[in-house]
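Student: Take this structure, written in C-alpha cells, and hold onto it; I'll ask about it next.
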Amino acid sequence: MLARENIDRLMGLNGNVRTADGDKVGSIGTFYTDDDTGEPTWVTVKTGLFGSSESFIPLEGASVDGDDVVVPYGKDHIKDAPRVADDGHLDPGEEDRLYNHYAIQGRDNGNGKAVGTYGTADTYQDTASTGTSGTNATGTTDVNASGGGDSMTRSEERLNVGTEKQATGRARLRKYITTENVTTTVPVQREEVRLEREPITDATASDAMSGPDLTESEHEVTLHEERPVVEKETVPVERVRLEKDTVTDNVQVDEEVRKENIETDGTGETRR
C-alpha cells in the first residue's frame, strides 16, 4: 500500500495509473483515505474520452513508479469495476461492492474519505493527526470554528483538454482482372499468278526452237501469303500505393467547471 508521503507528492503531478504489465489505464484522479487511520486506501482513475469516466482501485499491493501509480490489476478488470459516485466519501455498501469486485476481503474499519484532487496538492491536510479539518473531493479545506483557524484555501476546477487517437476506418488496395477487345490493322502480303506473253525475237528464237516441235507439258507455280500471328505479353504500366495525410480540424469543447467562492461576514466583501 502507498505511504502518505507518496500521496502528498503524487497529487501535484500529472501522473497516470498503470498496470503491472505497463499498460496505461488513465490519469490519476482522487485519493481516498481511511477515516480512522488516515491511511490511503483507494485511488480513482480517469478513463474514457477526456476522462469522462472514473473507476475506483484499491491501493493494496500498489506501488509508485516515478509520477505513476502501478496497480496489480488488469486494465479491463479496472474499467469493469462498479460505478461509485465520486462525491468525496465511500459508504460501507459501496466499499463492499468494490472489495468483492477486486476479490479482496472487506476490512473492519471506517469509510474512505477523499483527501485531495488531482492537481491540487496544496490543499492536502493530515486527517489522521487533527480532528478539526478534512478535505472534500473538490480540494477545499473546511475549517471548524472550534479549531480557531482564521484562513481557508479556495480552489477551482480547471479544464484539461487532450486528444486520443482511435481507428475510424480501413483502406486497402485490391487488384482484379477485366477483359476488353483490342482492334488493330496489320498489313499482310500474298502472291498472285499473272500471265505474261512475249513475242519471239531474234534474241529469243534459239531458246524457243530448242525443244521438240510439238509436245504436251505442265508448269506449276507455288503461291504464298502472310497471315496475322498474335502473341500476348504482360508488361508493368504503373505503380499504385496508399498514402496517409494528416488533416487538422478544430473541435469545440463545451464543458462546465466549478470554482469555489469565499464570503466574509462583517466586511461587506465577497472574494472570488
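Student: Pairs please, first residue from segment 89-110 and closer than 13 Å to Ile78 by Cα and assigned to a loop (DSSP other than H, G, I, E, B), second anywhere and at pLDDT 85 or above and among the charged types (D, E, K, R), Cβ atoms under 9 Å, 6+ apart in sequence or on different chains.
Tutor: Matching pairs, first to second residue: Tyr102/Glu60.
Student: Shifting gears a bit: Run down Lys244, Lys232, Lys259 and say which single residue is modelled with pLDDT of 85 or more, surrounded by 10 or more Cβ atoms within 10 Å (Cβ to Cβ) and within 55 Å of the chain's Cα centre (by Cα).
Tutor: Just one listed residue meets the conditions, Lys259.
Student: Here's a follow-up. What pairs come up if the first residue lies in segment 69-82 and is farther than 19 Å from Pro40 by Cα and in a helix (DSSP H, G or I), the second is of a type in the set (Ser, Thr, Tyr) and modelled with pLDDT of 90 or more, and their beta carbons are under 6 Å apart, counting only those six or more places apart or on different chains?
Tutor: Lys75/Thr19
Student: Within segment 204-252, which residues are aliphatic (A, V, I, L, M) and part of a loop (DSSP other than H, G, I, E, B)?
Tutor: Our first condition is that a residue be aliphatic (A, V, I, L, M); within segment 204-252, this holds for 205, 208-209, 214, 221, 223, 229-230, 235, 237, 240, 242, 247, 251.
Once the filter is applied, which keeps residues that are aliphatic (A, V, I, L, M) and part of a loop (DSSP other than H, G, I, E, B), segment 204-252 yields Met209, Leu214, Val221, Leu223, Val229, Val230, Val235, Val237, Val240, Leu242, Val247, Val251.
Okay, residues lined up against (1) surrounded by fewer than 21 Cβ atoms within 10 Å (Cβ to Cβ); (2) over 18 Å from Pro82 (Cα atoms); (3) modelled with pLDDT of 75 or more:
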| residue | (1), (2), (3) |
| --- | --- |
| Ala20 | yes, yes, yes |
| Thr37 | yes, yes, yes |
| Gly51 | yes, no, no |
| Ile57 | no, no, yes |
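Student: Moving to a separate point now. Kindly indicate whether any position in segment 83-92 is surrounded by 12 or more Cβ atoms within 10 Å (Cβ to Cβ), at pLDDT 80 or above and of a type in the set (Val, Ile, Thr).
Tutor: no
Student: Looking at Glu216, is it surrounded by 10 or more Cβ atoms within 10 Å (Cβ to Cβ), farther than 30 Å from Thr153 by Cβ and either over 52 Å from the mean Cα position of the chain (by Cα) or in contact (Cβ under 8 Å) with a residue 12 or more places away in the chain (or both)?
Tutor: The answer is no for Glu216.
The values are calculated or read from the model by the stated rules, or taken from the named source; none is laboratory data. Not measured: the values here are computed from a predicted model. Methodologically, a virtual Cβ is constructed for each residue, glycine included, from the backbone with ideal geometry; neighbour enumeration extends over all protein chains shown.
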